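In what follows, a single structure is set out as structure tokens and then discussed.
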Amino acid sequence: MAYYFSSIYMARIFLALTLEKNVNDQIIGIKKELKLNLLKDANISWQRNDNHHLTVYFVGEMEPEQITQMNEGLDDINLTAVSRSIELTSISFFPNDNSQVLSAIVKPSSHLKTLYEEVEEIVVNIGLGSDLKTYRPHITLGRFKEKDRSQYEFEIFEKPIKGKVKQLDVFESEFSKGKTEYTLLRSLEF
């Protein structure tokens, strides 16, 4: 089976879960609230409302042949065994409090961890990945433009925001003119 990949020699690749509409709408509502209140004076490049996704694995730079190998490995993942349910627990910075990335943090369920491990095994088998990092599922909301941003404190949600994801996607990420653009390379349905 042939797979689409960018004509660029090396592509920045990541895998993510696409959110169902009701979860995406709730995230849009959270962003509106932040823009109107706590972060109204912050200089943030907000994620486009149609680009919200739950990051599963950031692979990084890949050659076209490696993308093809990864796609072949993804064909063997049993997505029907993966729970489609997710829970958003809080807003925070990612990967740590000093980061510029503002994210909705997702509870790391056993199903998400298993999916991460299966993807990591595929990536390691083609000679990439395995920085021995801990999987921290998140949905990027925006990026602060200044490195010396103000400090903010966010509260954990009183009740987790529950929802579902609808598919596993392979994206190419390209940073151009101060913005990150995503190109969908492939979708795997549940």
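Remarks
- Positive end of the dipole of region 1-112 (Cβ unit charges, origin at the Cα centre): among Gln26, Thr80, Ile105, the Cα lying farthest that way belongs to Gln26.
- Rounded to the nearest 20 debye, the dipole magnitude of the chain is 880 debye, with +1 charges on Lys and Arg beta carbons, -1 on Asp and Glu beta carbons, and the Cα centre as origin.
- On Cα atoms only, tilt of 110-125 relative to the major axis of the chain in degrees: 50 degrees
- Pair Trp46, Thr80: separation of 7 Å Cα→Cβ label points (nm): 4.1 nm
- Multiplying the residue separation of Phe175 and Lys21 by 0.36 nm and removing their Cα-Cα distance gives an extension gain of 52.8 nm.
- Label point of Met10 set 7 angstrom out along Cα-Cβ; within region 163-182, amide nitrogens under 17 Å from it belong to 172-176.
- Principal-axis analysis of the Cα atoms of the chain puts helix 21-36 at an angle of about 40° to the longest axis.
- Unit charges on C-beta of K, R, D, E only; dipole of region 92-190, Debye: 320 debye
- A full extension of the chain between Lys133 and Phe157 corresponds to an added length of 6.1 nm, given 0.36 nm per residue minus the alpha carbon distance.
- In region 128-190, GluC sites (Glu not before Pro) in a DSSP loop with at most 12 other beta-carbon atoms within 10 Å: Glu146, Glu153, Glu155
- A Gaussian network model of the chain, with springs between Cα atoms under 10 Å, assigns the largest mean-square fluctuation among Thr140, Thr114, Thr18 to Thr114.
- Of the trypsin sites (Lys or Arg not before Pro) found in region 95-190, those in coil by DSSP whose Cβ has at most 13 other Cβ atoms within 10 Å are Lys133, Lys145, Lys147, Lys177.
- Between Lys113 and Ile28, the contour length at 0.36 nm per residue exceeds the alpha carbon distance by 28.0 nm.
- Within the same chain, lysines fewer than 8 places from Lys113 are excluded, and of the rest, those with a Cα less than 21 Å from its Cα are Lys133, Lys162, Lys164, Lys166.
- Between Glu72 and Lys166, the C-beta separation translates, for a Förster distance of 25 Å, into a calculated FRET efficiency of about 0.65.
Each reported figure results from applying straightforward, stated rules to the coordinates on display, with no laboratory input. The structure presented is a predicted model; accordingly, all values stated were derived computationally and were not measured. Positions of Cβ are backbone-derived with ideal geometry, glycine not excepted, and every protein chain shown enters the neighbour counts.
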